[in-house]
Each structure stands twice: as structure tokens, then as C-alpha cells.
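Report on one structure; see the data block that follows.
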Amino acid sequence: MNWYFTQNGGAQQGPVSQDELTAKLASGELRQNDLVWREGMAEWVAASSVPELRQAAGGSPMPQTPVFSNPYQTPQAAGGLTGEMVPNYLWQSIVVTLICCLPFGIPAIIYASKVDGLMARGDFAGAREASKSAKMWCWVSFGVFMALFGIYILMVILGVAAGLTSAAAEGGAGF
């Protein structure tokens, strides 16, 4: 189980294992009144008030009271509590807009730019939807480009073939 701690009201540290935290308490590196937190706890509390750490802290049992003037937030993974990372497809959107198809690349950029803001607000469902829309518009832009490129190549081939046919017809009749 991972623990986070703070010493003397300083910066949040961790994660560390319970054994590491117990060793810090036993050695005096971490004091009884330093704050600790692990997943499942509602608030940061003094180390001596946690039953699993009380013996290592050398403290007598104290009631587990939350620290109300807590300047620390619950630690979170980059993708929120779920640890989920939602791709924003921003660079792909920019590339397809510049190289492929401007009208369909712009919505891709708009949706891609929404993903990180939604993640920061904790709206993971909204971030996934914006990511899905950005990806779709990237593929639409790329698909339209490939279709137009295919039509262009087909027209070049037909033009060359028509030119060769007419040249062959003229060359055989008069020369």
C-alpha cells in the first residue's frame, strides 16, 4: 500500500511503502505529528493516529481526527484518480489540417483542444468524448484527402492514356 507524507508542513512526499514509512517513524526521521495519507483515507492525519503506524511512531493511541487546515490535496495520477490517460490528438489534428483538408481539420483541432481542459476539471467522460470526436475528424480529414488524391491520380492516368491514344491515332494516319 502506498503512503504519502509531509514533514513539518513542507512539501508532499511519496509514494512510499508502509515498511518505508514505518522505518522513517522508528528512526525519528518522521515525527508523530507529521501528516500521512493513503488511498481510502478521507483526510490527511497525524502519523500517530493511524493504527498501523502507531507502534512505529512510539505514540499512544490517539483519536483519528482529520486535519481541517490541510493545505494538501489527495494525490492523483496524471489522468485523475483512475490513472486513465485520454489522448487529445492535437498534433494529428494540426497535421491533417495543414497537409490534408482544412475544413475538416478545424473541428479536429477544436475537439482536441478541449480534452486537456476537461481532464483538468475531472470530466473524464467529456474528455473521452472530445478525444473520440477529434480522432473521428482527423480520420474524416485524412479520408477526404485520400479520396481527392485518388481522383487526381485517376484523372492523370486517364489524361495520359487519352493523350497516348490520340497521339497513336494521329501518328498512324498521317505520318
Heavy-atom accessible area ranking, 1.4 Å probe, most first, across Ser133, Ser48, Ser113: Ser113, Ser133, Ser48
Anchor Lys114: lysines whose Cα lies under 16 Å away (excluding residues fewer than 8 positions away in-chain): Lys132, Lys135
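The values are calculated or read from the model by the stated rules, or taken from the named source; none is laboratory data. Bear in mind that the values here come from a model prediction, so they are computed numbers and not experimental data. Areas reflect the complete protein model, heavy atoms only, side chains present, ligands, DNA and RNA absent. Shrake-Rupley method; radii C 1.70, N 1.55, O 1.52, S 1.80 Å.
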